[in-house]
Every structure is written in structure tokens, then in C-alpha cells.
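Have a look at the structure below, then the notes.
The values are calculated or read from the model by the stated rules, or taken from the named source; none is laboratory data. Since we're looking at a predicted model, the values are computed, not measured. So basically every Cβ, Gly included, is an ideal-geometry build from the backbone, and we count neighbours across all protein chains shown. Accessible surface is based on the protein model in full, side chains and every heavy atom, while ligands, DNA and RNA are left aside. Shrake-Rupley method; radii C 1.70, N 1.55, O 1.52, S 1.80 Å.
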Amino acid sequence: MEQDRPLFGFSRNVLVAGLVSLLMDISSEMIYPLVPLFLSTVLGVNVTVIGLIEGVAEAAASLLKGVSGRLSDHLGRRKGLMLAGYAVSSLSRPLMATAALWQQVLAARLIDRLGKGVRTAPRDAIIAESTAPTHLGRAFSLHRALDTVGAVLGPGLAIWIMSRLGNNAYQTVFWLATLPALGAVALVAVGISETRPAKRPAVDGRPTWAAFSWRTKLFIAIASLFAFGNSSDAFLILRARQAGVGAVAIPAVYLVFNLVYSLSAFPAGWAADRLGKRRVILLGFLLFAVLYWGFARVSGRGEVWGLFALYGLFMGLTEGVQKAFLAAITTPSGKATAFGVYATATGLATLPASLIGGWLWEHVSPAATFYFGAGTAGLAALLFAAFMFGDEGQGRLLGWRMT
């Protein structure tokens, strides 16, 4: 593990990884809030197909996260896979800009998410191995905060372009999103230093699930249950349109979400290191249940802005802290594998989540999509509270202790 901490107590790898994510998220978030509108208004795609596109893209990425994590641990190398992942994602921007069919949009989303699948686990392992155990919450939350600053700037640029060119500016935005993506690739190449895992685990082609502790397995299972009800953000954007938010204002709504996310991520990480990661994660799960209930019942534009702000707070509380918690309960030699399995399991759950969300939207009601997510989050919160708050790190449910 790197011991140098040249700035604000963080190693160079942590800071550079954050800046890389900042640039890539500028690129991604210039595109992502506009994709559901581009599909529905320009290409005439229905909501079920939009859910399918997002679910398939995220599921494909998730499958690669597990493979990439195991490969990184086996090889004892992180940087090469991280660099390859960012490079692959950058290739999706021109394809999106030239899309004339929804199948081309699906291909672009697949390429983008496959790149994310390759880079995520080794990048998270680099952050963990470049950070002291007592600062994991802060390190991962700093990374999420910098990542989300990019997610604020991206919609801001999209708003500026759309306000000048109107609804026919989609392709222009998609083309310009290529530039920060290429900058992220260059920064990984020159700024990230290789880390050395403590010990290379044996990888013989068999699943590594049995090697994890019960706490790691159970946490991944609960996080996957939560993800099962966390359908694509495309449904939030479509719900905002239903509530009367204009197409040009949609990136602004998403900007509010990302601004709150970026401002809350690092304080949440600091609180997690000081007060306990489990408490912060549980609070995030409960908040998600409340805000999805709000999306189910939303009736006006003003409520949409507040709900997107709460969604940003939820992300700040959980996204980085969950990874820090996973790092804290996983052995050093298998961190990338654990990150990969976690990302695979939670990511695969997004495929049925988005498919169910789309089916409920079209065959029951838009509100049903969000009631389903609120109920799943509530159940995940109950299980997390029951199993993850045992005495001295042991799980306990209704007085029965797991060993």
C-alpha cells in the first residue's frame, strides 16, 4: 500500500483516480440525462424498451466487473485493466452521436458500460490499497465527491448547449462528450501508479464465493436485494417529464441531484469513519425508501426538484460508504475480487429491476414502479439492521447470533 500522502492526507492514486472519474463523469452526464428523451422523442421508443436498454447495459457491465476483479487479483496488476476500461468507454461517444436506431443506442450504452465493467474493480482496489484502513470511508467518499463534481459539470454543459441549439442539439452534445472522456484516458496513463496486492490468491477457474466471510456474503446479498428495486434513473427522468419539467430543464434537475451528491459524499465518508459505516448505510437505505415513495406520489414540478435533491443525498450517504464497508470486511488479497463480485451481483439485479420497472409503468401505473422500489429498499434496510449490527462484528437476528 502506498504511504505517501502529498495532499490533504490522501495519496496521489486516490486524488488522480478522483480526477479521472471527474472527467469521465463530465462526459457521461452530458449524455445520460438526455438518452431517455432522445429515445422517446426523437427515435419514438416506448418505456419498456428504454428499461430494457438500460437494464441490459448495466447487467453486461456487471458481469465483467467480477471477471475483471478476479483477473486483477490473479495478475497482481490494476492499472492496465483500469486504463483499458476507460479507453473502451470513450469509444461509445461517437457511436451515440451517430445513432439513428434504438439498437445503435443500445450498442453505445453496452460499450460504455462494458468499459465501466473492466475498470471498476481494479480502480476500487487501487484506492483501497493506497489508503490506510482508518481512512477508507474518506478515501472512497472523496472519490465519489470528485466523480460527482463531474456529474454536476456535465449536465451544466448540456444545459448550456441545449439552451442555444434547442431540442435538435442531442448529437452535438454527444459529440462534445468525447473530449473529457479522452482526457480521462490520458490522465490514467500518466497519473496512476501500480499497487501491489498483499498476496496473489490462487485463481483456478472455480468460483471464489466460498472464500468470503459470511459477513461479506450477506452484505453483498442485502445490497443486491436493494438493487433489485433500484430501477434505472431513466424512470426518474421520465417521471420528472410527467410532472411538467421541460426537456431543456431536465439536465438542470439532474444537475441538482449531482450537486447534492457531490456536496454530501465526503461529509458522509467522514461521518462513516467516525460514527460507523453501518449507521450511514442504514440511513441511506431508509432515505431511499422515503424518496421513492415520494416519486410515486409526486404531482408537481416543485416536488420533483426536492426529490432529486434527496436522491443526491442518498447517493452521497451510500455509494462510497458501501465500498468502504466492503473493503473493511474483506481480506487484503481478495479486495478486487470482492469489489467485482459485489458490483456483478448488484449490477445484475438492475436488469430485472429495470424490466420490472418498465412493465409496472406501462401495465399498472408509473407510481407502481416507485412503490416497488420503496418496498424493496425497506426490506433491505430491515435485513441490514438485523444482521449487520451484531456485537463485536457478529451478525444477530432477533437475539440469535450468527457465527
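The selection criterion, being part of a helix (DSSP H, G or I) and surrounded by 24 or more Cβ atoms within 10 Å (Cβ to Cβ), holds for LEU136.
Checked against (1) farther than 18 Å from PHE226 by Cα; (2) touching a helix residue (DSSP H, G or I) at 6+ places or on another chain (Cβ under 6 Å); (3) modelled with pLDDT of 85 or more, LEU259 passes all but condition (3). Of note, ALA289 satisfies the criterion of being touching a residue at least 60 places away in the same chain (Cβ under 8 Å), among the small types (Gly, Ala, Ser) and farther than 22 Å from THR120 by Cα. The helices (runs of 4 or more DSSP H) found wholly in the range 204-313 and carrying at least 2 residues that are among the hydroxyl-bearing types (Ser, Thr, Tyr) occupy 214-228, 250-275. Among the residues of the range 348-368, just one is without any contact (Cβ under 8 Å) to a residue 24 or more places away in the chain, open to solvent by 30 Å² or more (accessible area, probe 1.4 Å) and in a helix (DSSP H, G or I), namely HIS363. For ALA345, the conditions (1) open to solvent by less than 10 Å² (accessible area, probe 1.4 Å); (2) at pLDDT 80 or above; (3) in contact with a Ser or Thr (Cβ under 8 Å, 6 or more places away or on another chain) all hold with the exception of (1). If the condition is being of a type in the set (Lys, Arg) and in contact with a helix residue (DSSP H, G or I) (Cβ under 7 Å, 6 or more places away or on another chain), then the range 39-77 contributes LYS65, ARG70. Taking each residue of the range 310-326 that is over 15 Å from ARG274 (Cα atoms) and looking for partners that are open to solvent by 10 Å² or more (accessible area, probe 1.4 Å) and polar (S, T, N, Q) with beta-carbon atoms closer than 6 Å, six or more apart or interchain, yields LEU313/SER264; GLY316/SER264.
This table checks each residue for (1) in a helix (DSSP H, G or I); (2) open to solvent by less than 60 Å² (accessible area, probe 1.4 Å).
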| site | (1), (2) |
| --- | --- |
| ILE159 | yes, yes |
| PRO180 | yes, yes |
| GLY183 | yes, yes |
| VAL190 | yes, no |
| GLU194 | no, no |
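For the range 54-68, the criterion of being open to solvent by less than 10 Å² (accessible area, probe 1.4 Å), in a helix (DSSP H, G or I) and of a type in the set (Ser, Thr, Tyr) is met by at least one residue.
Filtering the range 272-286 to residues that are within 22 Å of PHE226 (Cα to Cα) and either surrounded by fewer than 20 Cβ atoms within 10 Å (Cβ to Cβ) or touching a His at 6+ places or on another chain (Cβ under 7 Å) (or both) leaves GLY276, ARG278, ARG279, LEU283, LEU286. THR318 - would you say it is in contact with a Leu (Cβ under 9 Å, 6 or more places away or on another chain) and under 21 Å from ALA139 (Cβ atoms)? Considered against the rule, which asks whether it is in contact with a Leu (Cβ under 9 Å, 6 or more places away or on another chain) and under 21 Å from ALA139 (Cβ atoms), THR318 comes out as yes. Summed over the range 262-294, the residues that are modelled with pLDDT of 90 or more and in contact with an Asp or Glu (Cβ under 9 Å, 6 or more places away or on another chain) give a count of 2.
Taken over the range 82-104, the residue count meeting the criterion of being surrounded by fewer than 24 Cβ atoms within 10 Å (Cβ to Cβ), part of a helix (DSSP H, G or I) and of a type in the set (A, V, I, L, M, F, W, C) is 7.
Residues in the range 287-316 that are open to solvent by 20 Å² or more (accessible area, probe 1.4 Å) and closer than 21 Å to ALA145 by Cβ: 5 in all.
Here LEU153 meets each of (1) open to solvent by 20 Å² or more (accessible area, probe 1.4 Å); (2) more than 18 Å from the chain's Cα centre (by Cα) with one exception, condition (2). State whether one or more residues within the range 238-255 are under 16 Å from the mean Cα position of the chain (by Cα) and either free of Cβ contacts under 8 Å to residues at least 60 places away in the same chain or open to solvent by less than 20 Å² (accessible area, probe 1.4 Å) (or both). Yes, the range 238-255 contains a residue that is under 16 Å from the mean Cα position of the chain (by Cα) and either free of Cβ contacts under 8 Å to residues at least 60 places away in the same chain or open to solvent by less than 20 Å² (accessible area, probe 1.4 Å) (or both).
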